[in-house]
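A quick write-up on the structure given underneath.
The values are calculated or read from the model by the stated rules, or taken from the named source; none is laboratory data. What you are looking at is a predicted structure, and each value in this text was computed from that prediction instead of being measured. Here the Cβ positions follow ideal geometry from the backbone for every residue, glycine too, while neighbour counts run over all protein chains shown.
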Amino acid sequence: MMDAHRQNRLRALTTPVILIAILLAFVLIITATGDKSLARMAAQTLIRVTFVVGLWIFVGNSGVVSFGHAGFMAIGAYCSAWLTLRPQMKGMFLPDLPPWLASAEWPHLPATVVSGLLAALVALIVGAAILRLSGIAASIATFAFLAIVDTVYSNWEGVTGATSSVVGLDRYADEWVTLIWASVAVLAAAIYANSASGLALRATREDEVAAAASGVNMYRHRLLSLVISGFFTGVSGVLLGHSLGVLNPNSFYLGITFITLAMLVVGGIGSLSGAVIGVLVLSVLIEGLVRFERGIDIGGASFALPSGAQEILIGIIMILVLIIRPTGLTGGRELRLPAFGLRVRNSKQEPQSTN
Amino acid sequence: MNAVPQLFFDAAALGGIYAMAALGIALIFGVMNLVNFAHGEYIAFCVFALIVPSSDAVAVMFLGKAPAILLIPVLLALGALIAVTSEYLVFRQLRNANPVAMMISSFALGFVIQNALLAVYGSRPKAISLWPDLNTPISVVGASVPLLQLIVIITTLLVVSVLALLLKKTRVGLEMRAAAENFTMARLLGVRANVVITGAFALSGAMAAAVAMIMVTQTGVADVRMGGQIMLVAFIATVIGGLGSLPGAVAAGFLIGAVSVVLQAALPLDARPFRDAFLYTLVIVSLLLRPQGLFASASAKPRV
């Protein structure tokens, strides 16, 4: 006989299973249409899922808004370019790379993992300083970090190609590769959130002082979550590079920071399900509006939105969601399997955690 | 040509712009704990209000044709208007939401304004000449200084002192200071929340319009993205100045202007493109040393 607490823990682990099933269904539906551009959109969406889930590991559990994660993304993306580009290409476009890096020609998987680890290492170093701050000061410091990364990568001509793009990355990140990474990220996020560290961190999110009084070392848990978070955002950068084939520092600055934070908030910052659902909903919406902008036929008449309308509508929809549901679409709840039969007895003492 | 006074004027002029933008952000943060990311877009909006809507590369003046005596008050009013409107349509609906949701919605609002400008004016930066005579250099204590720099410095001082008077001497000012100190308590004591918040937004929008006029005259370019960069710096200035502290925001604005001008002059040539990286590193260091801000008031410290 399981006690209520045990079963609650077990049910919490059904969340990633459901989310991964949703992602899988998403890819299956898209591939069933056989549309090439839809498949590309699916890969982009899953890259954003990886990023936003990575972002959620830190932001969702700690409650500190980070503007800096696009910086980890850039670090991962460029690292993979250094490791996997053909040496002749690097000699031409990135002449200042150290010789061992210039001659490196790694297979995809180790390059992805190492790039993620580099982003995690940077997260460890930066976090060690920034996470001593709390609240809004920490958010500003992450902003400063993003600006530093952007300035360095936009100007370090011989190593990052500066503002002229790095081209020629192998475009292997299709919808299936990105699905695997997105699933790994979802699984890791769920495991972390339900670990002792994740629970302690969420306690600090609810009440810093009370958590500290209960002996929670906020700094250590925040740092751990930032490192894990840095790894997955770094990996999402790798995937983005290998999906577009082109890297430019501009793609890792305010635009992506904004849209991913918006996805997180619209979905519901308090739960992992919110992170995934936010990305899916907004991505599908954006794709729909983009197509609408190009014009569609309804009953013989062709309708088209004026160009630029898509962004404006997305912004307005986001504001409306925030006004109507300030806690996001999921309201901080997780998707879970319904309770099993033997739980009914305990239903009274089940304070359903809303995270 | 004398290097030190030159440096001083450069620093004071750049710092003045930052200080004014930071004031606009700090005013709103003080009364409603909102980090208003749309502030940069208010600036861009005011810039584009000067020219005729079209996507051509050469800008045709619209409001900008008006004589200065008319143009300045109209543009200030326009800035106030867009700020107050956005408060009414968006932020008033979110008054009880948590600060993160408000911050994201201001981000979204900025996104809407920016894309509306893009849709109307196109994405190419436009050449625009507003009061070109102001860029003629004149000679002050051995430095050649564009007249505009002097005007910026004087305007900043003027704006800051007028604002200080307004806050110190008028009823609305008193209410604003009370609200910035402790909003709930102030309301309990009879401060009219809507008046204060609308007032803060109006002032903040007017400040954005002032920044817009200065930037256009100085750079001669209208670009949809021009608000973003200055908003970032201003935002950082409000934080390292001590959130909610108006004198802190002004001081930190000047400080950041000074530091970036000094870095520009002092860094070796190879490192100069990385100036902003050094600047932001200093920002992080300053936050680590004084997380509550350099000029924070005693009440800014969170109480348990």
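Numbers below:
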{"quantity": "Residue list for segment B:244-253, restricted to those being buried (at least 24 other Cβ atoms within 10 Å of the Cβ) and either over 16 Å from B:ILE284 (Cβ atoms) or away from chain A (no Cβ under 14 Å) (or both)", "calculated": "B:SER245, B:LEU246, B:GLY248, B:ALA249, B:VAL250, B:GLY253"}
{"quantity": "Conditions (1) of a type outside the set (S, T, N, Q); (2) part of a helix (DSSP H, G or I); (3) touching a Ser or Thr at 6+ places or on another chain (Cβ under 6 Å): number failed by A:ILE140", "calculated": "(3)"}
{"quantity": "Unmet requirement for B:SER86, which otherwise passes all of (1) among the hydroxyl-bearing types (Ser, Thr, Tyr); (2) surrounded by fewer than 19 Cβ atoms within 10 Å (Cβ to Cβ); (3) within 14 Å of chain A (Cβ to nearest Cβ)", "calculated": "(2)"}
{"quantity": "B:GLY205 being crowded, with 22+ Cβ neighbours inside 10 Å, modelled with pLDDT of 90 or more and on the phi < 0 side of the Ramachandran plot", "calculated": "yes"}
{"quantity": "Positions within segment A:215-261 being over 29 Å from A:GLY161 (Cβ atoms), in a helix (DSSP H, G or I) and either within 14 Å of chain B (Cβ to nearest Cβ) or of a type outside the set (Ser, Thr, Tyr) (or both), in sequence order", "calculated": "A:MET218, A:TYR219, A:ARG220, A:HIS221, A:ARG222, A:LEU223, A:LEU224, A:ILE228"}
{"quantity": "Residues of segment A:62-113 that turn out to be in a loop (DSSP other than H, G, I, E, B), closer than 29 Å to A:LEU261 by Cβ and not β-branched (Val, Ile, Thr), as a count", "calculated": "4"}
{"quantity": "Single condition B:PRO291 does not satisfy, out of (1) away from chain A (no Cβ under 13 Å); (2) assigned to a loop (DSSP other than H, G, I, E, B)", "calculated": "(1)"}
{"quantity": "Residue match in segment A:120-139 (condition: within 14 Å of chain B (Cβ to nearest Cβ) and among the hydroxyl-bearing types (Ser, Thr, Tyr))", "calculated": "yes"}
{"quantity": "Residue pairs meeting the criteria (Cβ under 7 Å; at least 6 apart or on separate chains; first in a helix (DSSP H, G or I), in segment B:225-252; second among the polar types (S, T, N, Q) and modelled with pLDDT of 85 or more)", "calculated": "B:ILE240/B:SER286; B:ALA249/B:THR238"}
{"quantity": "The listed residue being touching a strand residue (DSSP E or B) at 6+ places or on another chain (Cβ under 6 Å), of a type outside the set (Phe, Trp, Tyr) and within 23 Å of A:PHE232 (Cα to Cα), out of A:VAL166, A:VAL152, A:VAL184", "calculated": "A:VAL166"}
